[in-house]
């Protein structure tokens, strides 16, 4: 009996849980990082993990969220990282299809850069995209060589038209694409077509000529 009483006292009382707390939300403290605490959010089935949220113990602000694959809760889908002071998202690491890192502006919360890694080797960078904060469109595209360290070419892109304005190769040679060709007026653009009434008159004339078996070579 003493053993059962000791186990009962060690278990949390139902009164210690909030009434509005989700049954799929579990709190635990990380032994690796004692300055943080973790919230494990389960899916509706109550068994598989949807995400783990880490908080700073002292400030209570969210610092990291790890999302897990729907079909395999041991496989990470993405990780969101937050600024400890403001709590705003600063980075997202994606592992779907291939590894990529999105970086965000602290003031606006908008994406400012995406680093894409090689499909076969996620330690090598394949390309970097930089974004215009106002429009969210790409302004610069840097493409890397196979070594994942050397830049092959940098393209500058107009955020409004999304057209390449110029690019620089790995030898630091800048190239500007030629301007769009001027529109040249063609001689046949000014041809005026007959209106419908004239077309009908011409059609009637041709019908009459055929009816009378008129030979056009006699004209």
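Look at (1) outside the structural domain of residue 44 (by TED's automatic domain parsing); (2) more than 29 Å from residue 35 (Cβ to Cβ); (3) at pLDDT below 95 and you find that residue 109 fails only one, number (2). For residue 60, the conditions (1) over 30 Å from residue 126 (Cα atoms); (2) surrounded by 15 or more Cβ atoms within 10 Å (Cβ to Cβ); (3) at pLDDT 85 or above all hold with the exception of (2).
Taking segment 125-171, which residues are part of a loop (DSSP other than H, G, I, E, B) and under 20 Å from the mean Cα position of the chain (by Cα)? Correct list: 132, 133, 134, 135, 136, 137, 158, 159, 160, 161, 162, 163. The residues in segment 65-95 that are in a loop (DSSP other than H, G, I, E, B) and closer than 18 Å to residue 111 by Cα can be counted, and the count is 5.
Looking only at segment 121-135, decide whether some residue is under 25 Å from residue 156 (Cβ atoms) and out of contact with any strand residue (DSSP E or B) (no Cβ under 7 Å at 6 or more places or on another chain). Checking segment 121-135: at least one residue is under 25 Å from residue 156 (Cβ atoms) and out of contact with any strand residue (DSSP E or B) (no Cβ under 7 Å at 6 or more places or on another chain).
Yes/no per residue for (1) more than 13 Å from the chain's Cα centre (by Cα); (2) exposed (fewer than 15 other Cβ atoms within 10 Å of the Cβ):
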residue: 93; (1), (2): no, no
residue: 108; (1), (2): yes, yes
residue: 113; (1), (2): no, no
residue: 117; (1), (2): yes, no
residue: 121; (1), (2): yes, yes
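Confirm whether residue 26 is touching a strand residue (DSSP E or B) at 6+ places or on another chain (Cβ under 9 Å) and modelled with pLDDT of 85 or more.
no
The values are calculated or read from the model by the stated rules, or taken from the named source; none is laboratory data. Source: prediction; values computed, not measured. With ideal geometry, Cβ positions are generated from the backbone for all residues, glycine too; neighbour counts draw on all protein chains shown.
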